[in-house]
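The values are calculated or read from the model by the stated rules, or taken from the named source; none is laboratory data. Source: prediction; values computed, not measured. Here Cβ is always computed from backbone atoms with ideal geometry, including for glycine, and neighbour counts include all displayed protein chains. Areas reflect the complete protein model, heavy atoms only, side chains present, ligands, DNA and RNA absent. Shrake-Rupley method; radii C 1.70, N 1.55, O 1.52, S 1.80 Å.
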Amino acid sequence: MRIARGHDMEAAAAHLARRDRKLGSWMRKVGVIDADPRWRRPFDVVDALARAILYQQLAGKAAATIVGRVELAAGTRKLHASALDRVDDPALRACGVSGNKALALRDLAAHERRGEIPTLRQMATMPDEAIIEALTAVRGIGRWTVQMMLMFRLGRPDQLPIDDLGVRKGMQRIDRLDEMPTPRELAARGEAWGPYRTCASLYLWRIADFSPTPKSATPRSQE
């Protein structure tokens, strides 16, 4: 059975507001979150994973610089096994790639050669956990990384990244907790949000950083 990319965000938000009054109250403050346009765009799975590896634990600008150097060294913007084979380990280090990340890229390339990285077409028939299992077999690719792909690229509706600090901070704010909830506590609370835990996660990220915009005073001349 083919699994559609994306889901109805209005239906998801309405479900969450019914199931969790505290979350629903905060959702009204935050406002509407629209469907992500990336849900409809094709993307290259191997290239996306290679970039995820290179971006890990780096600020966006620094990571983008390193990715650009690797693309230049490989002679292509598609980071596949054939491209990575053209860049040896000393060249990767010269691009600013750490030893651990170089090993992860080599492992990704090996998995690609063996046909162990599902394509976008194949993913359309795979449940979430099967995709997570297949991709986390690659060195350097953890569950959180795959969940981000499921949420922001595939539009799967029921992902809750319980280890994410932003999501946990959002939950802490909703419940006015002294400390962030543990991943286990967040997972338990999230049971009520299924099958739309992705939408809940998007709101929790917004809630974590939310600050109301103060209303400006109306000038007397315009009253």
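Each of Leu135, Val167, Leu23 was placed along the dipole of the chain (beta-carbon charges, centred on the mean Cα), and the one lying farthest toward the positive end is Leu23.
With the cut-off at 1.5 for a/c, could you classify region 104-164 from its C-alpha gyration tensor as rounded, prolate or oblate? Here region 104-164 falls in the oblate category. Scan region 1-70 for trypsin sites (Lys or Arg not before Pro) in coil per DSSP, keeping those whose Cβ has at most 11 other Cβ atoms within 10 Å, and list them by number. Loop-located and lightly packed - Arg2. Under the convention that each Lys and Arg Cβ holds +1 and each Asp and Glu Cβ holds -1, the size of the dipole of the chain around its Cα centre is about 500 debye. Rounded, prolate or oblate for region 43-109? Axes are the square roots of the Cα gyration tensor eigenvalues, ordered a ≥ b ≥ c, and the cut-off for rounded is a/c under 1.5. In terms of gyration-tensor shape, rounded.
Cα centroids of region 181-211 and region 123-145: 21 Å apart. Spin-label pair Ser82-Ala62: with each label point 7 Å from Cα along the Cα-Cβ axis, the two points sit 3.4 nm from one another. Computed over protein heavy atoms with a 1.4 Å probe, the carbon and sulfur contribution to the accessible area of the chain reaches 52%. For the chain, the 222 nm mean residue ellipticity estimated from helices alone, with every DSSP H stretch of n ≥ 4 adding -39500 (n - 2.57) and the total spread over all residues, rounds to -16000 deg cm²/dmol.
The overall shape of region 113-222, judged from the alpha-carbon gyration tensor, is prolate: a/c is not under 1.5, and a/b is greater than b/c. The aspartates and glutamates within cross-link reach of Lys169, meaning a Cα-to-Cα straight distance under 16 Å and a gap of 8 or more places when in the same chain, are Asp178, Glu179, Glu185, Asp209. Report, ordered by chain and residue number, the aspartates and glutamates lying within cross-link reach of Lys61, taken as a straight Cα distance under 17 Å and ignoring same-chain residues fewer than 8 apart. By straight Cα distance, Lys61 reaches Glu71.
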